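Working notes for the structure below.
The values are calculated or read from the model by the stated rules, or taken from the named source; none is laboratory data. Values in this document were obtained by computation on a predicted structure and should not be read as measured data. Heads up, the Cβs are rebuilt from the backbone with ideal geometry, glycines too, and the neighbour counts pull from every protein chain shown. Quick note on the areas: whole protein, heavy atoms, side chains included, nothing else; ligands and nucleic acids left out. Shrake-Rupley method; radii C 1.70, N 1.55, O 1.52, S 1.80 Å.
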Amino acid sequence: MTRDRSTFPSPVPRAGAEVSQPAPWPLDLLDVPALRRSGTRPAPLRQFVLKTHSRCNLACTYCYIYAGPDSTWRDRPVHMADATLLRTAERIAEHVRRHGLREVRVDFFGGEPLLTGPDPLLRAAEALRGTLPAGTGLDLAVQTNGVLLTRPVLDRLARAGIRVGLSADGGNAALNRRRVDHAGRPSWPALARAARLLGERPDSYSGVLCTIDPCSDPVEVFTSLLDLHPPFLDLLLPHANWSSPPPAGPAGPAPYGRWLRAAFDHWWDADPPGPPVRIFQEIIGLLLGRPSGSETVGLSPMVAIIVDTDGAIEQVDSVKSAYHGASATGLNVFTDSFDAALDHPGVVARQMGPAALAPQCRACPLTAVCGGGNYAHRYLAGSGFRHPSVYCADLELLIRHIADRLLAALPAGASGAPPPGNMP
């Protein structure tokens with residue numbers, strides 16, 4: 001059933017919270033019923049992120065959740081109750097049956113999802129396997145800061161088929177100086193131990209997420225991350241927007257693009273090759289005509305959703321960097337299906353492809369590759385999310401550079417990558 005906009009109430013800030021102006025586009029200006037009448041159909045959700053714990057044992061200085069504009073976590077239960085886990089599993093199974101999905105991914109996030117130990121994750125895995133239709137593929141993973149990952153915990157997660165991803169700013173103590181606990185103590189010793197444990201269990205190791213600091217040396221960061229032996233790397237732009245710009249980098253244009261360009265060259269020229277890096281592989285694939293697999297770049301529809309500790313169904317966490325309550329949908333697994341979320345204007349906007357982009361993005365020759373950048377990075381208070389990415393210049397620099405390197409590597413007469421000379 002298609003809902004009217006009025007059934008998705010605007011977020012209400014908690015008492016005493018600073019009120020940020022929400023986003024008229026898409027919340028008020030996107031006519032979802034008209035889109036549905038015109039034949040536009042949603043893409044089913046395939047990734048479900050369960051916030052099993054709403055608190056964190058670290059106080060990273062750049063955290064967009066706990067140091068950002070959205071403070072809804074303060075009013076949520078500290079951890080997800082078993083009844084909420086079970087109801088979420090039932091809703092995921094319902095969505096799988098309704099759309100005939102062959103496989104889904106479920107990620108356990110926080111806060112820090114291991115703050116209550118592995119037991120809630122193991123119970124969730126059991127509930128999911130007990131409710132999903134027979135034969136449904138289930139990819140399970142937990143994203144952790146590594147502080148609480150011990151050998152017995154890893155053994156239990158491995159037996160349950162739950163892979164583990166680490167969050168790190170690099171592969172040494174100095175690069176992780178911003179990742180401290182609430183008493184200011186460094187998390188690096190525990191993170192290094194977690195990486196060693198995962199290095200011994202490669203089948204359980206899903207990779208490392210690293211948020212870029214443009215003032216760090218990209219080659220040092222990249223090479224030090226390799227010391228953590230990750231099977232996969234994700235280099236993330238800090239969540240920022242036009243109303244809350246990213247941290248300033250070194251002088252000159254596109255500091256994040258220059259950082260990523262240097263990291264790309266080191267990765268591209270490595271012999272033997274290093275692990276896959278998501279943003280680089282995504283851009284290369286898009287240049288060669290393949291669809292994107294994430295929201296970082298490209299125009300593929302968003303197919304991920306969050307379930308918070310109280311069962312609230314929310315847009316993915318990056319939107320929280322815009323304003324208080326930005327990820328809210330007004331839905332909950334106890335009362336609503338995931339199909340209801342597919343008609344929320346914020347979710348619809350992230351499945352619309354070029355139609356959701358600003359006019360200057362739709363006219364840009366890089367649109368098919370850039371895709372307007374991450375949705376959260378397009379926000380401007382008072383108007384919403386229909387703007388170019390705040391990292392527009394950085395993405396342009398990186399995409400053009402990768403296109404140049406890719407074209408130079410192709411055999412003479414080969415086609416596939418767009419000639420950089422045809423990108424004005």
Filter result for the condition that a residue is surrounded by fewer than 16 Cβ atoms within 10 Å (Cβ to Cβ), more than 30 Å from Ala190 (Cβ to Cβ) and not charged (D, E, K, R), over Ala270, Ala254, Ala248: Ala248
In the range 273-285, residue surrounded by the fewest Cβ atoms within 10 Å (Cβ to Cβ) [restricted to those that are touching a helix residue (DSSP H, G or I) at 6+ places or on another chain (Cβ under 7 Å) and not aliphatic (A, V, I, L, M)]: Gly274
Condition broken by Gly170, with the remaining ones in (1) modelled with pLDDT under 95; (2) touching a helix residue (DSSP H, G or I) at 6+ places or on another chain (Cβ under 7 Å) satisfied: (1)
Neighbours by Cβ (under 9 Å, 6+ apart or cross-chain): first from the range 36-61, touching a residue at least 12 places away in the same chain (Cβ under 8 Å) and closer than 22 Å to Arg87 by Cα; second open to solvent by 40 Å² or more (accessible area, probe 1.4 Å) and small (Gly, Ala, Ser): Pro44/Gly100
The range 361-392 - residue that is surrounded by 21 or more Cβ atoms within 10 Å (Cβ to Cβ) and of a type in the set (Gly, Ala, Ser) and, of those, nearest to Ala23 (Cα to Cα): Gly384
Contacts under 7 angstrom Cβ, first residue in the range 386-400 being aliphatic (A, V, I, L, M), partner open to solvent by 60 Å² or more (accessible area, probe 1.4 Å), 6 or more apart: Val390/Trp242; Val390/Pro245; Ala393/Pro253; Leu397/Arg258; Leu397/Arg261; Leu398/Arg261
Hey, Ala358 open to solvent by 40 Å² or more (accessible area, probe 1.4 Å) and of a type in the set (Gly, Ala, Ser) or not: no
From Val164, Val153, residue being modelled with pLDDT of 95 or more and assigned to a strand (DSSP E or B): Val164
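Yes/no matrix, rows are residues, columns are (1) modelled with pLDDT of 95 or more; (2) in contact with a Ser or Thr (Cβ under 7 Å, 6 or more places away or on another chain):
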{"position": "His344", "(1), (2)": "yes, yes"}
{"position": "Cys364", "(1), (2)": "yes, no"}
{"position": "Ala403", "(1), (2)": "yes, no"}
{"position": "Ala412", "(1), (2)": "no, no"}
{"position": "Gly416", "(1), (2)": "no, no"}
Criterion: touching a Lys or Arg at 6+ places or on another chain (Cβ under 7 Å), more than 26 Å from Trp259 (Cβ to Cβ) and either open to solvent by 30 Å² or more (accessible area, probe 1.4 Å) or of a type in the set (Phe, Trp, Tyr) (or both) - qualifying residue of Pro133, Pro152, Pro189, Pro202: Pro133
Enumeration of residues in the range 362-398 that are of a type in the set (Lys, Arg) and either out of contact with any Gly (no Cβ under 8 Å at 6 or more places or on another chain) or under 15 Å from Ile279 (Cα atoms) (or both): Arg362, Arg386
Residue in the range 393-406 that is farther than 23 Å from Asp265 by Cβ, in contact with a helix residue (DSSP H, G or I) (Cβ under 7 Å, 6 or more places away or on another chain) and crowded, with 21+ Cβ neighbours inside 10 Å present: no
Per-region count, the range 194-207, residues more than 19 Å from Pro276 (Cβ to Cβ) and touching a Ser or Thr at 6+ places or on another chain (Cβ under 8 Å): 2
Subset of the range 94-109 [in contact with a helix residue (DSSP H, G or I) (Cβ under 8 Å, 6 or more places away or on another chain), open to solvent by less than 10 Å² (accessible area, probe 1.4 Å) and within 12 Å of Pro44 (Cα to Cα)]: His95, Val104
